[in-house]
Amino acid sequence: MESFQIQFPAWYILICLAAGVLFSVVLYYRDSTFQDQPGIVKTIMAVLRFGTVTLLAALLLSPFLKMYEQTVQEPVVIIAQDNSSSIGDFLAGEDSLAYVAAIDKLASDLSGKYTVERLKFGATIEESADVNFEDKVTDISQLLEYVGKQYGDQNLGAVILATDGLYNRGKNPLYLSQEMQAPLYTIALGDTTVKTDLLIQQVLHNRISFLGDKFPIQVDISAHKLAGRNATISIQRINGSKVTTLMQEAIKIDDDYFFETREFLLDADQAGVNRYRVRLSGISGEEQYANNLKDIYIEVIDGRLEILVLGSAPHPDLAALREIISTNENYNVTSDLFSDFDDKAEDFDLVILHQLPDSKHNITPLLATLDKANIPRMYIIGEGTALPRFNDVQDILSITGGTQNSNEVTALIDPQFQLFTIQENFENQIRTFAPLNAPFGEYSVNPAADIYLYQKIGNVDTRFPLMLFGESGGLKTGILAAEGIWKWRLYDYLQNGSHDLTNTLINKAIQYVTIKDDRRKFRSMPSKNLFNDDEQITFSAELYNQSYELINTPDAFLIIRDDDANEYSYTFNKTSHSYAISIGRFAVGEYRYTAFTDYGGKRLQINGKFSVKEIQLESYATTADHSTLYTLSAKYGGEVYYPASLDHLSEQLLSSNDLKPVIYQSVRNRPLLQIRWLFFGFLILLTGEWFMRRFLGGY
């Protein structure tokens, strides 16, 4: 629908008409040029001039067409199908085909009146109606959040969720805060009958352990309708095709609804990713045996760093540092006073010297030992530090002209610092932390040093360093030019309810100082060492020239070998300066890889290994949870239906008065000057008058 409007009062059009009449009268009323022509000729020319002048005057009023457009959006009905294997186990054989046909019919019936969107969900969400019931996880909360975000601004009429109510990933769907502007109808699948079964409900364990340590495994065991029966539980190590039983215990089932927790303590005696299997002996009469075993993977690291904190005298910083470093499971910390220390310094990977060197102790032999063993160190300067001696033992920072006086300083982050990063809010929060005590004096910094924190004295931003890093004698060295880290830790807890920011700062500094520089020209590794069997496995690689600049001129190759000596060869894809490749999914097992390239006449090669574990979540809960579906439907104003009553669901939705189209109306203004036929109209008027005057001798 269109309407003609102008930006001035409508009576202005009378002025335009008057202007047209005036021009026509003045030009033709007393003109004797065409007195020999019939009167109709002058009238036609006058009308043409009237039309031209009137239209030109009207265009000065900025006329436009207001166009109204209407869009009708039919209600959207979403049918979301659980594609997990637990549904496939319930819908076996012909039942599966019949159910899929019934869902397709439901979608077809509803599509005659509504817009129907088909989704399937499991580990991920896809806009598809093709289901195979093979996903190994179920995440109902992810689906509800997806629907709320993707369709929240549409005319959502209803959501139909077909599932068994079981979820093994994500949040509890009953406690989601996600709003949904449509009723949720659920199709209750699965069997709620409690089956005769012995199963492992869950296994709790650490993801990593350290070589030589012990690690616990906690196993929750359930049994249904097996009172009076006996079973055994075994912990096994899987090494390729070799299975070694490490522990075994008897289980006496004394109730039809039996539950028990067993704990085992294992030795971390093999570095790398270790595969363990928790196995329950099968009992005759069980409905299934798949949930009688569960494989777990624990990465045993041969690399826990030994950190030594040495102090010149008792100080609250020493206890704070010990607590901070202990939060990182990769570090083992020893704290001592220098006067009491009698261990071997060369056994440590990092030494933190608090207010050392000082005027009371001779640490020269200690530093010589550290230099000989190539052990990095960190200095924390305080009131007890002998600054002249400190200046002599390293060449990163020199503090001169100082006295025993100190300044209270807060921290300012250097935005150009790039050695490591901390979360975004750290910069704003550290400005407000309690001040530390830094020595008064002149600070001179080695140009090669990297400064992370500067000192702010009162309201004055200075260029005096507070925390900086560099290399002294070829060894990485960190310096905190102030004492009182314990105050930061207390203030952090007061402000944030945790010590996370302070812990992160110190541990990041330790990580940088202790990390060994990788001087290899060719490097390659998978994105992680342990993958799920539904994950894409990706590798990256880097090649450096003699100047340690990234290049990718030669081709790089990757070979994967499984336990059966099968080989899979790949060629890396070249990115801007490096290499990357995705090799897809692999079966459960352990794999070794070799990445190599030829550069400078040499074969550069990297060897390693990774593991693929099976996701077994769907086999551990086999009894459908329809109570969750009833609660969900009640929460969102829907109802629960069973597969046999899908026709009733279709009838209810088709007859519902709540599912109505929404009409959207938009208005668009189009200036008349943009209309092409107006140009041709002017052309006809002007050309017609000119032609008649020319033909009749007016020119």
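Could you grab me the full set of residues in region 590-607 that are assigned to a strand (DSSP E or B) and without any contact (Cβ under 8 Å) to a residue 40 or more places away in the chain? Break it down into steps so the answer makes sense when it comes.
First, pick out the residues of region 590-607 that are assigned to a strand (DSSP E or B): 590-599, 602-607.
Within region 590-607, 591, 592, 594, 602, 603, 607 meet the criteria.
Of the numbered conditions (1) hydroxyl-bearing (Ser, Thr, Tyr); (2) at pLDDT below 90; (3) surrounded by fewer than 21 Cβ atoms within 10 Å (Cβ to Cβ), residue 84 satisfies every one except a single condition; which is it?
(3)
Any chance you could count how many residues in region 599-615 are surrounded by fewer than 18 Cβ atoms within 10 Å (Cβ to Cβ), in contact with a strand residue (DSSP E or B) (Cβ under 9 Å, 6 or more places away or on another chain) and closer than 17 Å to residue 547 by Cα?
Count: 1.
Is region 498-515 home to any residue that is of a type in the set (Asp, Glu) and more than 27 Å from residue 383 (Cβ to Cβ)?
Yes, some residue in region 498-515 is of a type in the set (Asp, Glu) and more than 27 Å from residue 383 (Cβ to Cβ).
Considering only region 316-330, I want to know if a residue exists there that is farther than 30 Å from residue 206 by Cα and either touching a residue at least 12 places away in the same chain (Cβ under 8 Å) or in the same structural domain as residue 488 (by TED's automatic domain parsing) (or both).
Yes: one or more hits.
Tell me which residues, restricted to region 426-451, are more than 19 Å from residue 382 (Cβ to Cβ) and in contact with a helix residue (DSSP H, G or I) (Cβ under 8 Å, 6 or more places away or on another chain).
Of everything in region 426-451, those that are more than 19 Å from residue 382 (Cβ to Cβ) and in contact with a helix residue (DSSP H, G or I) (Cβ under 8 Å, 6 or more places away or on another chain) turn out to be 426, 429, 430, 432.
Rundown of residues vs (1) more than 30 Å from residue 187 (Cα to Cα); (2) modelled with pLDDT under 80; (3) part of a loop (DSSP other than H, G, I, E, B), yes/no style:
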residue: 33; (1), (2), (3): yes, yes, yes
residue: 43; (1), (2), (3): yes, no, no
residue: 48; (1), (2), (3): yes, no, no
residue: 70; (1), (2), (3): yes, yes, no
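Go through region 149-183 residue by residue and tally those that are assigned to a helix (DSSP H, G or I) and buried (at least 19 other Cβ atoms within 10 Å of the Cβ).
1
I'm told residue 458 meets every condition in (1) surrounded by 21 or more Cβ atoms within 10 Å (Cβ to Cβ); (2) closer than 21 Å to residue 382 by Cβ; (3) not charged (D, E, K, R) except one. Can you identify the failing condition by its number?
In the conditions (1) surrounded by 21 or more Cβ atoms within 10 Å (Cβ to Cβ); (2) closer than 21 Å to residue 382 by Cβ; (3) not charged (D, E, K, R), residue 458 misses (1) alone.
Can you pull out the residues in region 576-606 that are closer than 22 Å to residue 535 by Cα and among the polar types (S, T, N, Q)?
Filtering region 576-606 for residues closer than 22 Å to residue 535 by Cα gives 579-595.
Residues satisfying the conditions are 582, 594.
Answer yes or no as to whether residue 141 is small (Gly, Ala, Ser) and free of Cβ contacts under 8 Å to residues at least 24 places away in the same chain.
Answer is no for this residue.
How about region 253-334: which strands (runs of 3 or more DSSP E) wholly inside it have at least 1 residues that are closer than 21 Å to residue 504 by Cα? Don't jump to the end; show me each part of the working.
Working: elements: 257-267, 272-280, 293-301, 305-311.
The strands (runs of 3 or more DSSP E) meeting that bar are 305-311.
Within region 485-498, can one find any residue that is assigned to a loop (DSSP other than H, G, I, E, B) and more than 29 Å from the chain's Cα centre (by Cα)?
No, there is no match, as no residue in region 485-498 is assigned to a loop (DSSP other than H, G, I, E, B) and more than 29 Å from the chain's Cα centre (by Cα).
The values are calculated or read from the model by the stated rules, or taken from the named source; none is laboratory data. Quantities reported herein were computed from a predicted structural model and do not represent experimental measurements. Quick reminder, even Gly has a Cβ in these numbers, built from the backbone with ideal geometry, and neighbours come from all protein chains shown.
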